[in-house]
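This report concerns only the one structure given below.
Bear in mind these aren't lab numbers, they're just calculated from the coordinates by the rules spelled out. Every value quoted in this text rests on a predicted model; they were computed, and no experiment measured them. Note that we place each Cβ from the backbone using ideal geometry, even for glycine, and neighbour counts take in every protein chain shown.
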Amino acid sequence: LGIMLAADRTWITIAEVLVHGSAGASMQVFPGDELVSIGGIETKGLQVAEVAQMLGGEEGTVIGLGIKPRCPGAVAREVRLTRRRLASSVGVPGGGQDANGERV
């Protein structure tokens with residue numbers, strides 16, 4: 001998906017959005033957003049590696065993410081991203097990996 005993940009106290013957050021043709025670069029997710037669900041399954045209390053595995057899937061398939069912006073009073077919204085192969089992770093910040101080195 002072209003996003004890097006980080007663990008917060010309770011939720012998994014978007015640490016970085018990679019811009020080289022990634023689904024994450026679709027202007028629907030932003031650094032600091034909380035990833036509250038994947039395909040309707042709540043991510044509260046999950047480890048980064050577990051969430052990274054849930055995000056994986058076949059290229060061309062659509063995944064629904066519950067995203068909550070990091071601002072007072074924000075409410076979660078559902079975004080749909082199409083999984084696609086990143087052209088290259090060379091020169092991309094983080095190399096297309098989450099905080100634990102998992103590729104997402």
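A few remarks follow.
- Ranked by how many other beta carbons lie within 10 Å on average, peptides 52-64, 69-81, 30-42, 1-13 from highest: 1-13, 30-42, 52-64, 69-81
- Amide H contacts under 5 Å for Ile38, placed H, 5+ residues apart: Thr43, Gly66
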